[in-house]
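These notes are about the structure you will find just below.
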Amino acid sequence: MAKDVAILGVGMHPWGKWGKNFVEYGIRACRDALADAGLEWKDVDFVSGAETIRNGYPGFVSGATFAQALGWSGARVSSAYSACASGATAMSTARAHILAGICDVALVVGADTTPKGFLAPTSGDRPDDPDWLRFRLLGATNPTYFGLYARRRMDLYGATEKDFAKVKVKNSRHGLTNPNARYRKAFSEEDVLNSPIVADPLRLLEICATSDGAAAVVLSSLEYARKRTSDPVRIAAISTVTPTYPNTVIEMPNFGTDSAHSVGLPKAPFRDSIAAAAYEEAGLGPEDLNLAEVYDLSAALELDWYENIGLCKPGEAERLLNAGETTLGGKVPVNPSGGLACFGEAVPAQAIAQVCELTWQLRGAAGERQVEGARVGLTVNQGLFGHGSSILVKK
Amino acid sequence: MSAEKKRVPAVEGWFTLDPEKPQLLGTRCTSCQSYFFPKESLYCRNPACAGTEFAEVPLSRTGRIWSFTNAGYQPPPPYVPADPFVPFAIAAVELEEERMVVLGQVAAGTGVEDLSVGMEVELVLETLYEDDASEYLVWKWKPVAH
Ligand SMILES: [Zn+2]
């Protein structure tokens with residue numbers, strides 16, 4: 001309770017391939033979030049930007065870029081990069097400022113303009129950079145790692161190509177009427193299974209694309225929020241954990257895992273520890289969840305997350321999916337927004353977008369994709385180089 | 001593939017150049033005996049160990065497939081593709097002694113249909129790409145013939 005902050009406003013620029021400057025998307029999301037909060041830009045004391053690394057210096061100093069674009073106001077500023085987890089890191093910084101009493105109102109924003117095709121390392125010869133080297137020496141793209149996890153799941157738990165296709169089918173239906181989603185088409189299992197293999201066993205329609213997009217949230221202290229609203233949606237926990245040694249699961253952009261030779265296996269794999277830290281901080285558990293937004297970089301990875309966030313035991317995710325428990329109308333709908341399957345990934349905006357969706361859901365304002373009676377939701381996400389990200393939102 | 005071309009490693013010091021029985025080169029902390037690949041040589045990454053001395057060690061040249069996949073589409077630069085692009089498989093291989101998993105491309109001519117989790121593979125060197133003067137070598141995993 002003492003660690004809660006209020007979500008006063010949320011806003012997004014629709015995902016797509018719009019070909020415009022990322023600042024334009026971000027400003028739209030900021031303005032929408034401020035309007036949603038009933039606040040003005042001059043009310044913001046702290047701007048927390050999630051960085052984009054593909055848009056030059058303005059992207060690296062995104063907090064200041066947006067502060068300038070909104071009109072220098074003297075607000076404090078910060079910019080954070082942690083790959084796909086950048087939005088959660090930016091939100092964590094904002095929350096810490098609020099809880100420390102340094103500011104009352106914080107604006108958190110992430111926006112990206114992406115190139116076509118695979119996410120590639122930034123250009124130039126950098127033989128000391130593992131992210132550069134994995135492309136150079138292995139030709140290992142991001143989907144390479146997703147393919148390894150998917151094949152492993154098939155071998156360990158008997159998951160099938162059909163199960164993976166069903167995840168995509170579910171998410172494509174969830175996102176059908178989401179105005180911020182890029183892909184609004186109901187795919188059939190057949191569509192999915194007829195799409196070409198990108199990284200065996202994963203197919204084109206099962207791997208998330210890269211998108212342009214932006215998301216913003218306005219956070220405040222509970223005290224500040226009480227003057228404006230009686231029952232705000234709150235952030236009850238933000239997990240930004242790193243792995244514990246030895247990290248024995250191969251992860252982007254690494255060539256190998258840590259060695260368990262001298263220290264034995266870790267107590268829990270990294271991906272299990274991410275949501276666990278959020279649950280512990282909030283004093284809640286998976287049994288309290290009404291919905292979740294998980295990072296479905298691939299359709300198969302969504303199934304891993306069911307287990308990682310405690311919706312079921314290892315090996316039971318396919319049963320959960322096939323029983324409809326994670327579909328809208330089921331026990332704990334997963335990715336009611338449509339997930340990355342319908343959005344594609346706008347890296348610095350994505351973890352913030354997950355929180356926008358939970359906020360709309362907990363307000364009962366999600367329209368046709370509304371999860372009835374939603375009061376507790378969880379996001380989970382992971383950024384390469386060891387960034388966990390999980391945010392617990394409650395009403 | 002002219003025979004006169006120099007055969008040089010695509011990355012310096014990551015593997016031996018023994019044409020018959022190549023091995024990956026890692027390091028081992030002399031205090032806690034943990035293995036590292038690629039090499040760690042400054043401070044031991046085991047948080048319970050204060051070690052700063054490392055010995056270079058060749059890693060096991062055989063292991064078992066932890067998982068595998070392939071590249072159906074040409075990876076972006078800095079990958080240097082063959083022209084035309086030839087799809088290739090990639091395996092994550094568990095080394096029993098070191099208790100770690102190491103990635104590598106799978107030897108040319110072996111596709112995912114030839115692989116299974118748990119299959120025994122060995123390390124080989126193959127050409128990753130070439131220019132007018134040299135062939136650049138990299139390690140790959142190849143199923144062990146039984
Ligand atoms: Zn050590």
> Taking a quarter of the surface of the Cα convex hull of the range B:61-143, what do you get in nm²?
Replying inline: 5.8 nm²
>> With every protein chain kept in place and ligands, DNA and RNA left out, what is the accessible area per residue of the range B:61-143? Probe 1.4 Å, answer in Å².
In response: 40 Å²
> Considering only DSSP states other than H, G, I, E and B, which trypsin sites (Lys or Arg not before Pro) in the range A:259-330 qualify as loop sites with at most 14 other Cβ atoms within 10 Å?
Replying inline: A:Lys267
> In whole Å, how far is the Cα centre of the range A:340-377 from that of the range A:245-259?
Replying inline: 31 Å
> Local charge sum around A:Lys313 (other residues, Cβ-Cβ under 11 Å, Lys/Arg +1, Asp/Glu -1)?
Replying inline: -1
> Using alpha-carbon pairs under 8 Å, 6+ residues apart, how would you state the relative contact order of the range B:61-143 in percent?
Replying inline: 32 percent
>> Skipping prolines and chain starts, which residues have an amide H placed within reach, meaning under 5 Å, of the one on B:Gly26, given they are 5 or more residues away or on another chain?
In response: B:Val57, B:Leu59
> For chain A, what % of the accessible area comes from carbon and sulfur atoms, probe 1.4 Å?
Replying inline: 50 percent
>> Just checking the output field for A:244-257: average partner chain Cβ neighbours within 10 Å of each residue's Cβ?
In response: 5
>> I'd like the mean, over residues of B:76-87, of how many other protein chain beta carbons sit within 10 Å of each residue's own Cβ.
In response: 4
> What distance in nm separates the simple spin-label points at A:Leu156 and B:Ser116, each placed 7 Å from Cα in the Cβ direction?
Replying inline: 2.0 nm
> Counting only protein heavy atoms and using a 1.4 Å probe, what share of the accessible area of the range B:96-143 belongs to carbon plus sulfur, as a whole percent?
Replying inline: 43 percent
> Given a 1.4 Å probe and no ligands, DNA or RNA in the count, how much accessible surface is buried by A and B, both sides, to the nearest 100 Å²?
Replying inline: 3600 Å²
> With a sphere of radius 15 Å drawn around the Cβ of A:Ala225, what net charge do the other residues whose Cβ falls strictly inside it have (Lys, Arg +1; Asp, Glu -1)?
Replying inline: +2
> What's log10 of I(q)/I(0) for the range A:33-134 at q = 0.16, 0.22, 0.25 Å⁻¹, Debye sum over Cα points only, no solvent?
Replying inline: -0.73, -1.14, -1.36
>> Which one, A:Ala140, A:Asn247, A:Leu176, projects farthest toward the positive side of the charge dipole computed for chain A from Cβ point charges (K/R +1, D/E -1)?
In response: A:Leu176
> Any idea what Rg and Dmax come out to for chain B if you just take the C-alpha atoms, in Å?
Replying inline: 16.5, 51
> What average count of beta carbons from other chains do you get within 10 Å of the Cβ of residues in A:126-137?
Replying inline: 4
>> Quick query: amide H of A:Gly9 versus all other amide H atoms, modeled in the peptide plane; which residues come in under 5 Å with a sequence gap of 5 or more or a different chain?
In response: A:Val218
>> Given Cβ point charges of +1 (Lys, Arg) and -1 (Asp, Glu) and nothing else, what value in debye, to the nearest 20, does the dipole of the protein assembly as shown about its Cα centre take?
In response: 1400 debye
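The values are calculated or read from the model by the stated rules, or taken from the named source; none is laboratory data. Here the structure is a predicted model, which means the values were calculated and not measured. Positions of Cβ are generated from backbone atoms using ideal geometry, with glycine treated the same way; all protein chains shown enter the neighbour counts. These area figures cover heavy atoms from the full protein model, side chains too; ligands, DNA and RNA do not enter into them. Shrake-Rupley method; radii C 1.70, N 1.55, O 1.52, S 1.80 Å.
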